[in-house]
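Have a look at the structure below before the remarks.
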Amino acid sequence: MVRLDSVTKAHGRQVLFLEASMGVFAREKVGLVGPNGAGKSTIFRMIVGEEAPDAGQVVVDRGVTVGYFSQDVGEMRGRSVLEETMAGAGEVATVGHRLHELEHALGDPAQADQLDQLVEEFGEVQARFDSLDGYALEARAREILDGLGFAAEVIEDDVGKLSGGWKMRVALAKILLLRPDVLLLDEPTNHLDLESILWLEQFLQLFEGALVLTCHDRELVNRLATKIVEIDGGELTTYSGNYDFYERQRELADTQREAQYERQQAMLEKEKAFIARFKARASHAAQVQSRVKKLEKIDVVEPPRRRRAQDFDFRNPPRSGEDVVRLESVTKRWGKKVVHDGLDLLVRRRERWCVMGVNGAGKSTLLKLVAGLVEPDEGRVAVGASVKLGYFAQHAMELLEGDESVTETLERTFPEASRGSLRSLAGAFGFSGDDADKPCRILSGGEKARVVLATMLYDPPNFLVLDEPTNHLDVFTKEMLVRKLAEADTTLLFVSHDRAFLGALSNRVLELTPEGPRVYGGGYTAYVAQSGHEAPGVHA
């Protein structure tokens with residue numbers, strides 16, 4: 001359905017692809033993986049014709065419709081959420097609009113002299129609308145919007161009132177409603193909560209077209225992908241299987257390449273040593289010449305490129321008291337809405353609590369209460385002895401503005417630290433080389449999140465309160481973050497929609513429900529097994 005044949009593409013001096021090839025076939029679900037900046041989004045833009053390859057060709061079979069969801073959603077206003085969603089449904093939306101025009105024209109006395117012509121066109125357009133399943137379009141649009149978390153009253157309201165994150169959901173709904181032959185999704189989960197991610201996962205499992213997906217949610221890619229295409233060093237390598245299979249195969253291939261490289265290097269050293277030892281001896285001239293010619297003909301194996309996340313040796317935080325934070329009969333209201341009513345919670349040292357709950361259940365409010373950003377209306381929040389608390393939320397990124405670079409931000413925050421140490425810290429969070437000198441005002445949301453996390457963890461607190469810390473983080477940065485948090489003597493209270501992050505770090509679960517809080521003694525994996533669902537209200 002879609003092919004990239006020997007494609008070469010460069011952005012300025014950076015070569016993204018060099019004679020790279022891949023294919024997407026009917027009903028395949030392809031996970032596109034690679035580090036940030038490797039060219040994943042460029043592949044999507046070449047497929048839809050927004051960019052052209054410098055050499056080679058990108059071929060989309062005749063008659064194949066392509067739907068593309070990107071992070072650039074454009075302007076949305078003047079229509080309801082429902083109308084905006086339905087406007088993206090392709091031919092059926094165009095035909096439906098014409099049908100609506102004809103209905104008005106048939107009732108217009110001023111067009112009575114054209115009645116026969118209007119009736120004839122109305123019949124043709126209505127038949128086409130019916131064949132495209134147009135009469136079910138609104139019901140399908142409402143189902144998709146509901147799955148993506150839109151309340152009924154919001155669906156009827158002006159789309160222009162929505163925040164950027166919710167407009168992203170509308171843009172995603174439009175593409176899903178289109179039902180194209182090939183669906184291209186570039187980071188579709190960045191602005192979704194866990195319930196919406198699980199709904200999207202089920203929708204895509206039932207999707208009958210071909211799917212190409214980039215996503216930082218490893219679990220989603222693992223469950224959906226039937227094929228992985230990896231971008232690495234300008235090459236596209238295809239693996240038949242899911243993400244777990246790809247990781248195993250890549251590790252095996254890397255090990256084999258390293259062994260092959262080391263064997264050849266040992267052989268070359270042996271031959272070069274022989275030549276150096278006997279080149280001055282006439283009695284060995286023929287043997288020396290033979291070995292020189294042999295070396296000239298050898299295809300030298302390139303040293304294997306191991307993609308390694310830059311590491312950083314984070315120091316251990318000071319020890320806190322055994323009782324880290326206690327909530328006693330805490331009540332919190334926002335206007336007339338009671339968010340928490342007599343909530344009790346005790347977090348002890350080295351416990352790692354993940355907080356679950358549907359939108360509006362009070363997850364972020366709970367974290368703000370613990371962090372001291374809001375006060376309870378009733379009850380008390382008591383932080384324990386020797387507790388050094390660090391709080392991360394998305395709004396923290398708004399403080400990173402101006403022309404100060406990533407490195408300068410770190411140097412201002414830690415004036416006594418060495419420049420080399422801060423460069424290593426920046427590298428561990430994905431800012432290596434020139435990226436560390438980027439001014440903060442041009443950073444993306446994900447890049448700003450990495451800077452905030454870096455400043456928080458350089459001198460780490462012993463109690464971390466984290467509200468969606470993995471939003472926009474790539475898989476490799478997440479894995480580094482999980483590894484470091486798992487090793488640290490740190491207590492955690494966090495909200496996340498990333499199942500791999502939840503499963504790797506939590507050892508307690510607090511589920512906020514309309515009936516009251518429920519506590520699960522194990523981590524997220526045990527919570528799923530005991531509750532029968534991966535998120536509140538979503539049944540496994």
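Numbers below:
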{"item": "Failed criterion for Val81 (all others in (1) without any contact (Cβ under 8 Å) to a residue 60 or more places away in the chain; (2) touching a helix residue (DSSP H, G or I) at 6+ places or on another chain (Cβ under 7 Å) hold)", "result": "(1)"}
{"item": "Test result for Asp299, part of a helix (DSSP H, G or I) and farther than 30 Å from Glu511 by Cβ", "result": "no"}
{"item": "Qualifying position, being farther than 22 Å from Val182 by Cα, buried (at least 18 other Cβ atoms within 10 Å of the Cβ) and among the β-branched types (Val, Ile, Thr), among Val2, Val81, Val30", "result": "Val81"}
{"item": "Verdict on Phe150 being buried (at least 17 other Cβ atoms within 10 Å of the Cβ), outside any helix (DSSP H, G or I) and outside the structural domain of Cys215 (by TED's automatic domain parsing)", "result": "yes"}
{"item": "Tally, over the stretch 1-41, of residues that are of a type outside the set (A, V, I, L, M) and outside any loop (DSSP other than H, G, I, E, B)", "result": "15"}
{"item": "Which listed residue, of Arg169, Arg223, is part of a helix (DSSP H, G or I) and either surrounded by fewer than 17 Cβ atoms within 10 Å (Cβ to Cβ) or touching a helix residue (DSSP H, G or I) at 6+ places or on another chain (Cβ under 7 Å) (or both)", "result": "Arg223"}
{"item": "Pick from the stretch 52-70, criterion crowded, with 16+ Cβ neighbours inside 10 Å and farther than 11 Å from Val2 by Cα, ranking: farthest from the chain's Cα centre (by Cα)", "result": "Gly56"}
{"item": "Every pair of residues 6+ apart whose Cβ atoms lie under 6 Å, when the first sits in the stretch 132-151 and is modelled with pLDDT of 90 or more while the second is of a type in the set (Lys, Arg)", "result": "Leu148/Arg169"}
{"item": "Checklist (1) assigned to a helix (DSSP H, G or I); (2) at pLDDT 85 or above applied to Ala285, failing item", "result": "(2)"}
{"item": "Count of residues meeting criterion [among the hydroxyl-bearing types (Ser, Thr, Tyr) and in contact with a strand residue (DSSP E or B) (Cβ under 8 Å, 6 or more places away or on another chain)] in the stretch 72-101", "result": "1"}
{"item": "Flag if Glu121 is assigned by TED's automatic domain parsing to the domain that holds Asp158 and buried (at least 19 other Cβ atoms within 10 Å of the Cβ)", "result": "no"}
{"item": "In the stretch 454-479, residue modelled with the lowest pLDDT [restricted to those that are more than 20 Å from Ser424 (Cβ to Cβ) and within 18 Å of the chain's Cα centre (by Cα)]", "result": "His472"}
{"item": "Given (1) surrounded by fewer than 20 Cβ atoms within 10 Å (Cβ to Cβ); (2) under 17 Å from the mean Cα position of the chain (by Cα); (3) in contact (Cβ under 8 Å) with a residue 60 or more places away in the chain, number of the condition Val482 does not satisfy", "result": "(3)"}
{"item": "Filtered residue count, the stretch 312-332, keeping only those that are within 33 Å of the chain's Cα centre (by Cα) and assigned to a strand (DSSP E or B)", "result": "3"}
{"item": "Residue ID - modelled with the highest pLDDT, chosen from residues in the stretch 196-220 that are in contact with a helix residue (DSSP H, G or I) (Cβ under 9 Å, 6 or more places away or on another chain) and acidic (Asp, Glu)", "result": "Glu201"}
{"item": "Residues (part of a loop (DSSP other than H, G, I, E, B) and touching a strand residue (DSSP E or B) at 6+ places or on another chain (Cβ under 8 Å)) located in the stretch 194-220", "result": "Phe207, Gly209, Cys215"}
{"item": "Which numbered condition Gly39 fails, given (1) under 29 Å from Ala139 (Cβ atoms); (2) at pLDDT 85 or above; (3) not charged (D, E, K, R)", "result": "(1)"}
{"item": "Filter result (among the acidic types (Asp, Glu) and under 16 Å from Leu346 (Cα atoms)) within the stretch 500-540", "result": "Glu511"}
{"item": "Count of residues meeting criterion [surrounded by 13 or more Cβ atoms within 10 Å (Cβ to Cβ) and in contact with a Leu (Cβ under 8 Å, 6 or more places away or on another chain)] in the stretch 330-345", "result": "6"}
{"item": "Unique match (being outside the structural domain of Gly360 (by TED's automatic domain parsing), touching a strand residue (DSSP E or B) at 6+ places or on another chain (Cβ under 8 Å) and either surrounded by 12 or more Cβ atoms within 10 Å (Cβ to Cβ) or not hydrophobic (A, V, I, L, M, F, W, C) (or both)) among Phe245, Phe314", "result": "Phe245"}
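The values are calculated or read from the model by the stated rules, or taken from the named source; none is laboratory data. Only a predicted model underlies this, so the values are computations on that prediction, with no experimental measurement involved. All Cβ positions, even for glycine, are placed from backbone atoms using ideal geometry, and neighbour counts span all protein chains on display.
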